[in-house]
Amino acid sequence: MRRKLIKHLFLTLIVLAVIPIAGCWDTNEAERMVYAQGLGVDYKDGRYTIYLQIINLRLMAKSESSGGGGPQVNVEVGHASAKTFDKAIFNLYKSSQRRIFWGHLSYVVFSENALKQVGVKATIDMLDRYRETRYRIWMYGTKEPLSKVFVTTPILDMSTALSRLSDPKATFHQSSFIRPIDMRELLIALDEPGHEASIPFISISKKNWVTDRERHEAIKTDGIAVTTKDALKGKITNDHALGFRWMNKDFVRDVLQVRSKEGPLVDLVIEKSKVKVHPVVKNSDIHFNVQIKAKAVMLVLVKKVNLASLASESEKEIKKQIMETYAKGLNFDADVYRLSEVLYRKNVNVWKQTEHNGKIPLTKDSIKLDIKVKLVHGAKQREEPTLE
């Protein structure tokens, strides 16, 4: 009887030990999957076309001392079409050689046609619901062919995980032209007044970089695309978008070129900017007092100039750029500086009385600017040119 009890106890322990192992039977081995890095969304003639960029993980782990094994593929892009966004994804699955893992998806690029005709709603809805995707997915718009955008690789054969699209914060901290926006921030912007968002608008630069063999095409940021969940409202690019950076509370640093009263152009690096926006309500009039304080570092001085007048000229130039970007937005009824949300946060009762579809009426006179720039003479605090 005792031997029989020991035998049953032994068998029970074996079964209990095997049960946890069964939980791993349906897992997917990492080396047997492919990993989505970027997703492109196009729309034409009533059909979605999606582009999927697959990341080459070998490039992230390659050793500098490793021997050459012949040319290797840096990036591979698949595409498929259908009348709906999710069906296009499943059509791509039909030609995929391995299971596609979406947990490393880093960015989504919308074509200008897709933004104009169907907006971001279907794409964001699917990415938000799917269990593998995360909210840290960067959002972009472009008028370039998506087939070209997704085969444009970083310089020096770096991994696409280190590209401008998948890691935009790396370049933003050096030049804060257009702040990147991820899916979480996009959802918040579209859900809050005035229910529109500004995403970076990108293009392909064909002249800025060359290798020892040929020209190297690279992704660059051109400006912003202002969109609702359903459609593109408009875009502001190149010099017209320069004012957007000064109203960004996450601004780090960027260059400002001003002409001194003595004649020569002077490049100033603006940094440590602080922005405060305060709504002022007087009877039926609503305007916003915008106060910006910044430090400017003078890195190059080829001719002695009046520093006080240079600071004054930089304040005028910043004001000019802010107003130009603001006016461009008003041309297509866009609140590029999200002033409607500022009023909503600070005086919701007035906002309720004046809002229409989450936005308040804005004019060119709705913002009053107070710009203060403190000029720092450079790393060695010199006021004289190095060479005269």
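The values are calculated or read from the model by the stated rules, or taken from the named source; none is laboratory data. Because the structure is a prediction, the values reported are computed rather than measured. Virtual Cβ from ideal backbone geometry, glycine too; neighbours counted across all protein chains shown. When the accessible area is computed, the model is the full protein with side chains, heavy atoms only, and any ligands, DNA or RNA have been set aside. Shrake-Rupley method; radii C 1.70, N 1.55, O 1.52, S 1.80 Å.
Of all residues in the range 282-319, those satisfying the criterion of being open to solvent by 70 Å² or more (accessible area, probe 1.4 Å) and farther than 28 Å from residue 354 by Cα are 293, 295, 299, 300, 302, 303, 304, 306, 308, 316. In the range 192-216, the residues that are over 18 Å from residue 114 (Cα atoms) reach residues that are hydroxyl-bearing (Ser, Thr, Tyr) with C-beta atoms within less than 7 angstrom, at least six apart or across chains, in these pairs: 193/340; 193/344; 194/340; 195/228; 204/152.
Whether a residue is under 30 Å from residue 112 (Cα atoms), at pLDDT below 95 and of a type in the set (Gly, Ala, Ser) was assessed, and residue 225 does not pass this test. Filter the range 231-263 down to the residues that are assigned to a helix (DSSP H, G or I) and open to solvent by 20 Å² or more (accessible area, probe 1.4 Å) and list them by number. Correct list: 238, 239, 240, 244. Being at pLDDT 95 or above, polar (S, T, N, Q) and farther than 20 Å from residue 177 by Cα, is that true of even one residue in the range 306-327? No, there is no match, as no residue in the range 306-327 is at pLDDT 95 or above, polar (S, T, N, Q) and farther than 20 Å from residue 177 by Cα. Just one residue in the set 330, 343 is open to solvent by less than 20 Å² (accessible area, probe 1.4 Å), more than 24 Å from residue 172 (Cα to Cα) and in a helix (DSSP H, G or I); that residue is 343. With respect to the conditions (1) surrounded by 14 or more Cβ atoms within 10 Å (Cβ to Cβ); (2) out of contact with any Lys or Arg (no Cβ under 8 Å at 6 or more places or on another chain); (3) charged (D, E, K, R), residue 132 lacks only one, and its number is (1).
The strands (runs of 3 or more DSSP E) located wholly in the range 76-152 include none with 1 or more residues which are free of Cβ contacts under 8 Å to residues at least 40 places away in the same chain. In the set (1) assigned to a helix (DSSP H, G or I); (2) within 29 Å of residue 255 (Cα to Cα); (3) hydroxyl-bearing (Ser, Thr, Tyr), the condition left unmet by residue 166 is number (1). Taking the range 217-230 as the range and being in a strand (DSSP E or B) and in contact (Cβ under 8 Å) with a residue 60 or more places away in the chain as the test, the residues that pass are 217, 218, 219, 224, 225, 226, 227.
Here's the yes/no breakdown for (1) crowded, with 17+ Cβ neighbours inside 10 Å; (2) modelled with pLDDT of 95 or more; (3) under 23 Å from residue 46 (Cα atoms); (4) touching a strand residue (DSSP E or B) at 6+ places or on another chain (Cβ under 6 Å):
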| position | (1), (2), (3), (4) |
| --- | --- |
| 71 | no, no, no, no |
| 81 | no, yes, yes, yes |
| 98 | no, no, no, yes |
| 111 | yes, yes, yes, yes |
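Once the range 150-169 is narrowed to residues that are open to solvent by 70 Å² or more (accessible area, probe 1.4 Å) and hydrophobic (A, V, I, L, M, F, W, C), the residue that is nearest to the chain's Cα centre (by Cα) is 162.
Residue 120 satisfies every condition listed in (1) closer than 17 Å to residue 219 by Cβ; (2) within 17 Å of the chain's Cα centre (by Cα); (3) modelled with pLDDT of 95 or more except (1). For the range 21-36, a residue qualifies if it is open to solvent by less than 90 Å² (accessible area, probe 1.4 Å), more than 17 Å from residue 80 (Cβ to Cβ) and either modelled with pLDDT of 90 or more or outside any loop (DSSP other than H, G, I, E, B) (or both), and the qualifying residues are 22, 30, 33, 35. Within the option set 268, 301, being part of a loop (DSSP other than H, G, I, E, B) and aliphatic (A, V, I, L, M) holds for one residue only, 301. For the condition farther than 27 Å from residue 189 by Cβ, open to solvent by 20 Å² or more (accessible area, probe 1.4 Å) and either part of a strand (DSSP E or B) or in contact with a Phe, Trp or Tyr (Cβ under 6 Å, 6 or more places away or on another chain) (or both), residue 372 qualifies.
Each row is one residue, and each column tells you yes or no for (1) closer than 14 Å to residue 141 by Cβ; (2) touching a Ser or Thr at 6+ places or on another chain (Cβ under 8 Å); (3) modelled with pLDDT of 95 or more; (4) buried (at least 22 other Cβ atoms within 10 Å of the Cβ).
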position: 171; (1), (2), (3), (4): no, no, no, no
position: 180; (1), (2), (3), (4): yes, no, yes, no
position: 185; (1), (2), (3), (4): no, no, yes, no
position: 194; (1), (2), (3), (4): no, yes, no, yes
position: 202; (1), (2), (3), (4): yes, yes, yes, yes
position: 211; (1), (2), (3), (4): no, no, no, no
position: 214; (1), (2), (3), (4): no, no, no, no
